[in-house]
Amino acid sequence: MTSKYEPQQIEIKWQDKWAQDHLYEVTEDPDRTKYYALTMFPYPSGDLHIGHWYAMAPSDVRARFKRMQGYNVLHPMGFDAFGLPAENAAIKHGIHPYTWTMGNIERMRSQLRTMGCIYDWTREVVSCQPDYYRWTQWFFLKLYQSGLAYRGTAPVNWCPQCQTVLANEQVIGEGECERCGAAVTRRDMEQWFFRITNYADELLDFSKVEWPERIKTIQSNWIGRSEGAELSFGLENAGIDEDEIRVFTTRPDTVYGVTYFLLSPEHPLVKKLTIPDRMAEVEEYVEWCRRQEDYERTALGREKTGVFLGSYVTNRFTNERIPIWITDYVLLSYGTGAVMGVPAHDERDFEFATKFDLPIRPVIAPPDWDGNPLQQAYVGDGRLVNSGEFDGLSVDEGFKAICGKLEQEGWGKATVAYRLRDWLISRQRYWGAPIPIVYCDRCGTVPVPEEDLPVLLPPDAEFKPTGESPLKYCDAFVNAACPLCGEPGKRETDTMDTFMCSNWYFLRYTSPGVDYGPYDKDKLNYWMPVDLYTGGAEHAVLHLLYSRFFVKALRDIGLLEFDEPFTRLYNQGTIIYGGGKMSKSKGNIVAPDLYVSKLGADTVRAYLMFVGPWNLGGEWSDSGIVGLSRWLNRVWALCDHDYAAGTMDQSTDDHVRHMMHKTIKAVTADLEEFRFNTMLARLMEFTNVLGPIQEAGSVSAETWREAMRILLLLAAPSVPHIAEELWTRNGHPYSIHNQEWPSFDEALAREEEVTVAIQINGKLRDKLVVPASISEEEIRALAFGSQKVKSYIDGRDVNKFIYVPGRIVSIVVS
């Protein structure tokens with residue numbers, strides 16, 4: 001048998017065969033250990049590009065590897081199908097979002113099939129289909145019934161170009177929309193929120209997951225837990241009911257150093273506390289602040305601005321009247337929206353006090369302080385001064401003692417504040433899951449009964465860039481009878497953030513066909529949690545944080561029994577092309593279809609794994625992919641060829657068997673740790689050894705056949721089509737992908753060793769037993785690390801270092 005490698009023919013042949021035989025469809029098997037390997041499902045933007053392949057092909061290799069190891073592997077695929085691009089396409093091209101989305105899905109599904117992955121397509125989920133978003137709405141009702149979903153008025157991030165509200169996490173850089181890059185502004189709107197803040201502490205606990213430190217750090221910083229105290233400052237202002245304002249501070253030990261009091265310009269008490277002759281100036285300043293972005297207002301080095309309201313609070317510790325100011329660097333969204341100004345011990349407060357000539361009173365003594373005014377804020381450790389009964393205490397002691405006084409007097413308490421805000425899920429757009437709420441003049445806010453779900457998106461909505469949901473102008477959708485009293489009501493016209501759909505798609509994969517619930521609980525308990533989740537690190541805060549919250553909330557409601565959705569997380573790097581990350585927005589995408597049609601999907605798969613470590617990424621190169629094509633042709637030539645044994649060389653035969661077991665060991669370890677590039681390098685090394693042996697016929701036919709068997713089994717996860725074809729051509733039973741992963745003999749895999757003599761100026765000084773394949777760099781390090789060698793070369797110049805592989809090292813010193 002000798003033929004030409006024609007990937008275009010064999011790949012279609014085996015893809016069809018695998019589909020016809022339902023080879024990759026999986027069911028629950030209590031006698032086998034499950035392995036749920038999940039890749040983040042893509043948004044159906046139109047066509048797959050090489051960046052998609054880079055996320056999907058290596059993860060498929062890992063899933064195939066675990067399958068051959070005997071695990072019952074679930075590796076599904078679907079589409080995150082709601083989202084703003086479809087609605088923008090509807091406005092721009094006059095095409096319905098559903099039509100645009102489903103057309104894209106059809107193309108992408110076809111392209112995904114050419115990749116040769118082990119996706120069980122019977123489990124596909126598409127989040128924009130009613131049989132999916134029915135349960136998205138059902139989950140909303142469960143959260144609402146549990147008090148975890150609520151409606152409130154709040155300032156929101158507004159993108160004037162996308163004409164929609166953005167979550168805090170969707171505002172990036174210096175206040176731009178993450179999708180279109182437009183400058184984000186602020187508006188007050190009534191919105192729906194989820195109480196993710198209820199889970200802040202639990203979301204900081206990563207003890208049950210194996211995640212990259214970088215992702216854990218990003219999430220921890222976003223949650224932003226700060227230990228401190230809540231303090232009450234007295235209010236005695238005519239005409240207002242409030243008799244106090246509370247602040248959160250991480251430095252209660254500095255309370256005696258408060259010389260002014262700051263409110264956020266958006267604080268609801270600002271108007272009440274502003275005296276008449278200062279009202280115009282305050283209102284002008286408030287309006288100016290509302291036009292600024294949070295990142296601008298809190299930027300380090302920004303010139304401090306502010307306005308005095310003309311009123312005062314009382315510091316309960318000193319009984320001093322403290323002037324109330326408003327300033328842009330105090331945000332309503334953090335703490336209580338009020339801050340005590342301690343200029344001696346906070347850099348921003350010092351700048352503010354200096355600009356507006358406010359007192360600066362030290363209450364923590366710097367080392368060797370002589371009592372003179374501070375020239376800058378002191379933020380270090382020290383002893384309390386000017387602090388009444390607490391003088392002389394250390395900062396830590398003062399923190400505890402003052403918190404004790406707060407609780408004793410009823411002025412406050414030690415507490416914790418978080419940067420994390422509740423999750424805003426309302427979106428003023430059409431292409432999302434409708435929020436299942438009806439507003440009734442008589443009954444108020446009424447949830448849609450579960451039996452009436454899904455609340456369907458109307459097909460005849462008009463798409464205009466008005467900044468309001470197209471649903472608002474669809475009378476057939478808006479007008480609905482109240483589920484309680486039957487009187488005319490109005491539906492909620494906002495839809496849910498698309499991250500609500502991706503909160504739970506991994507649950508649906510476990511039993512996508514059921515219509516009696518979002519999933520079958522027995523099947524859910526078999527498969528979940530996900531054992532390995534792969535995808536981009538850019539989802540650290542949004543999808544990954546929201547999914548963790550969602551699973552914990554469902555657990556507390558009693559809808560599932562585990563704590564974390566994804567046990568292990570692995571983030572792949574990015575493919576670089578034309579000097580930048582490959583993306584549609586940059587116009588530097590590479591379409592895989594051309595390369596698949598010319599060189600085959602196996603070549604594209606192999607090249608993507610070979611460009612560099614998967615977690616770092618690499619640069620796409622047309623010349624590089626040709627090298628992988630040549631290697632697969634060499635594999636074909638090795639395996640699709642009648643081996644003619646000649647005069648057998650026992651040492652060569654033994655070496656081939658050693659290489660087999662060495663390669664099995666190394667490839668297994670590489671695949672376990674996602675080292676796809678070195679895994680392929682080891683397979684190439686193995687084929688390089690086999691090439692000359694094939695020509696010489698210097699090993700037994702039995703050894704050769706075993707070498708071919710091992711080569712194909714090790715290559716099967718990476719290049720599944722050519723492996724299947726050559727496996728069949730070599731007379732093995734179908735399918736190679738149902739075979740067991742080969743095991744290795746540790747003794748046979750052990751590196752062959754040689755004794756290398758170390759000479760210094762021609763005299764033998766040491767002998768080293770080293771692997772026969774050791775490199776010159778490695779032997780050099782070992783030689784200079786030898787204590788015997790060191791005694792002869794320390795303090796002397798090394799003039800020459802010569803290594804004769806496997807025999808001798810010669811060092812010349814003077």
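The values are calculated or read from the model by the stated rules, or taken from the named source; none is laboratory data. Predicted model, so just to flag it, every value in this text is computed and none were measured. When we count neighbours, we look across all protein chains shown, and the Cβ atoms used for this are built from the backbone with ideal geometry, even at glycine. In case anyone asks, the SASA skips ligands and DNA or RNA and just uses the protein heavy atoms, side chains included. Shrake-Rupley method; radii C 1.70, N 1.55, O 1.52, S 1.80 Å.
Taking the stretch 420-445 as the range and being under 25 Å from Tyr199 (Cα atoms), of a type outside the set (A, V, I, L, M, F, W, C) and modelled with pLDDT under 95 as the test, the residues that pass are Arg421, Asp422, Ser426, Arg427. Beta carbons closer than 7 Å, at least 6 apart along the sequence or on distinct chains, pair a first residue in the stretch 782-804 that is closer than 13 Å to Lys767 by Cα with a second that is open to solvent by less than 90 Å² (accessible area, probe 1.4 Å) and of a type in the set (D, E, K, R) for Ser786/Asp766; Lys788/Arg765; Lys788/Asp766; Val789/Arg765; Val789/Asp766. Among the residues of the stretch 233-242, those that are touching a residue at least 40 places away in the same chain (Cβ under 8 Å) and surrounded by fewer than 23 Cβ atoms within 10 Å (Cβ to Cβ) comprise Gly234, Leu235, Glu236, Asn237. Candidates are the residues of the stretch 564-590 that are part of a loop (DSSP other than H, G, I, E, B) and at pLDDT 90 or above; the one that is surrounded by the fewest Cβ atoms within 10 Å (Cβ to Cβ) is Gly573. Out of the residues in the stretch 261-287 that are over 19 Å from Leu235 (Cα atoms) and in contact (Cβ under 8 Å) with a residue 40 or more places away in the chain, which is least open to solvent (accessible area, probe 1.4 Å)? Among those that are over 19 Å from Leu235 (Cα atoms) and in contact (Cβ under 8 Å) with a residue 40 or more places away in the chain, it is Val282.
Just checking, does the stretch 644-651 include any residue being part of a helix (DSSP H, G or I), open to solvent by 50 Å² or more (accessible area, probe 1.4 Å) and not aromatic (Phe, Trp, Tyr)? The answer is yes, given that some residue of the stretch 644-651 is part of a helix (DSSP H, G or I), open to solvent by 50 Å² or more (accessible area, probe 1.4 Å) and not aromatic (Phe, Trp, Tyr). Taken over the stretch 29-52, the residue count meeting the criterion of being of a type in the set (Gly, Ala, Ser), surrounded by fewer than 20 Cβ atoms within 10 Å (Cβ to Cβ) and within 14 Å of Val590 (Cβ to Cβ) is 0. In the set (1) open to solvent by less than 50 Å² (accessible area, probe 1.4 Å); (2) within 41 Å of the chain's Cα centre (by Cα); (3) more than 30 Å from Glu210 (Cβ to Cβ), Ile664 fails one condition alone, (3). Quick test for you: out of Arg634, Arg675, pick the one residue that is surrounded by fewer than 19 Cβ atoms within 10 Å (Cβ to Cβ), of a type outside the set (S, T, N, Q) and out of contact with any strand residue (DSSP E or B) (no Cβ under 9 Å at 6 or more places or on another chain). Just a single option satisfies the conditions, and that option is Arg634. Within the stretch 744-766, the set of residues being farther than 30 Å from Leu713 by Cα and surrounded by 14 or more Cβ atoms within 10 Å (Cβ to Cβ) comprises Val754, Val756, Ala757, Ile758, Gln759, Ile760, Asn761, Arg765, Asp766. Taking every residue in the stretch 160-176 that is in a helix (DSSP H, G or I) and pairing it with any residue that is charged (D, E, K, R) and modelled with pLDDT of 75 or more, at least 6 positions away or on another chain, the pairs with Cβ-Cβ distances below 7 Å are Asn168/Arg421; Gln170/Glu178. Among the residues of the stretch 230-248, the one identified as among the polar types (S, T, N, Q) and either in a helix (DSSP H, G or I) or at pLDDT 95 or above (or both) is Ser232.
If the condition is being open to solvent by less than 70 Å² (accessible area, probe 1.4 Å) and not in a loop (DSSP other than H, G, I, E, B), then the stretch 349-392 contributes Asp349, Phe350, Phe352, Ala353, Phe356, Ile364, Ala365, Leu384, Gly388, Phe390. Residue pairs whose Cβ atoms lie under 6 Å apart, sitting 6 or more positions apart in sequence or on different chains, and linking a residue in the stretch 213-224 that is closer than 18 Å to Tyr334 by Cα to a partner that is of a type outside the set (S, T, N, Q) and in a helix (DSSP H, G or I), are Gln219/Leu545; Ile223/Ala200; Ile223/Leu203. When we screen Ile245, Ile215 for residues that are open to solvent by less than 60 Å² (accessible area, probe 1.4 Å) and closer than 30 Å to Asn615 by Cβ, the only hit is Ile215. Would you be able to say whether some residue in the stretch 431-452 is surrounded by 23 or more Cβ atoms within 10 Å (Cβ to Cβ), assigned to a strand (DSSP E or B) and either within 25 Å of the chain's Cα centre (by Cα) or among the polar types (S, T, N, Q) (or both)? Within the stretch 431-452, none of the residues are surrounded by 23 or more Cβ atoms within 10 Å (Cβ to Cβ), assigned to a strand (DSSP E or B) and either within 25 Å of the chain's Cα centre (by Cα) or among the polar types (S, T, N, Q) (or both).
Residues in the stretch 323-348 that are in contact with a Phe, Trp or Tyr (Cβ under 6 Å, 6 or more places away or on another chain) and either assigned to a loop (DSSP other than H, G, I, E, B) or surrounded by fewer than 19 Cβ atoms within 10 Å (Cβ to Cβ) (or both): 3 in all. Screening the candidates Arg548, Arg555 for the property of being within 18 Å of Leu143 (Cα to Cα) and without any contact (Cβ under 8 Å) to a residue 24 or more places away in the chain yields one hit, Arg555. Touching a helix residue (DSSP H, G or I) at 6+ places or on another chain (Cβ under 7 Å), hydrophobic (A, V, I, L, M, F, W, C) and either more than 30 Å from Asn72 (Cα to Cα) or buried (at least 23 other Cβ atoms within 10 Å of the Cβ) (or both): does that describe Leu608? Answer is yes for this residue. If I filter the stretch 393-402 for residues that are in a helix (DSSP H, G or I), touching a Lys or Arg at 6+ places or on another chain (Cβ under 7 Å) and free of Cβ contacts under 8 Å to residues at least 40 places away in the same chain, do I get at least one hit? No - not one qualifying residue is present in the stretch 393-402.
Just to be sure, is Val416 under 30 Å from Asp253 (Cα atoms) and either assigned to a loop (DSSP other than H, G, I, E, B) or open to solvent by 40 Å² or more (accessible area, probe 1.4 Å) (or both)? So Val416 fits the description; yes. Against the numbered list (1) in contact with a helix residue (DSSP H, G or I) (Cβ under 9 Å, 6 or more places away or on another chain); (2) assigned to a helix (DSSP H, G or I), His641 comes up short only at (2). Against the numbered list (1) within 19 Å of Phe248 (Cβ to Cβ); (2) without any contact (Cβ under 8 Å) to a residue 40 or more places away in the chain; (3) buried (at least 16 other Cβ atoms within 10 Å of the Cβ), Trp411 comes up short only at (2). If you go through the stretch 177-204 and pick out every residue that is open to solvent by 70 Å² or more (accessible area, probe 1.4 Å), in a loop (DSSP other than H, G, I, E, B), free of Cβ contacts under 8 Å to residues at least 60 places away in the same chain and over 28 Å from Leu554 (Cβ atoms), you end up with 0. Being open to solvent by 10 Å² or more (accessible area, probe 1.4 Å) and within 36 Å of the chain's Cα centre (by Cα) narrows it down to one of Gly627, Gly691, so name that one. Result of the check over Gly627, Gly691: Gly627.
I'd like the full set of residues that are assigned to a strand (DSSP E or B), of a type outside the set (D, E, K, R) and over 18 Å from Val769 (Cβ atoms), limited to the stretch 780-809. Once the filter is applied, which keeps residues that are assigned to a strand (DSSP E or B), of a type outside the set (D, E, K, R) and over 18 Å from Val769 (Cβ atoms), the stretch 780-809 yields Val798, Asn799, Phe801, Ile802. Screening the stretch 698-767 for helices (runs of 4 or more DSSP H) wholly inside it with 2 or more residues that are modelled with pLDDT of 95 or more returns the ranges 701-715, 720-729.
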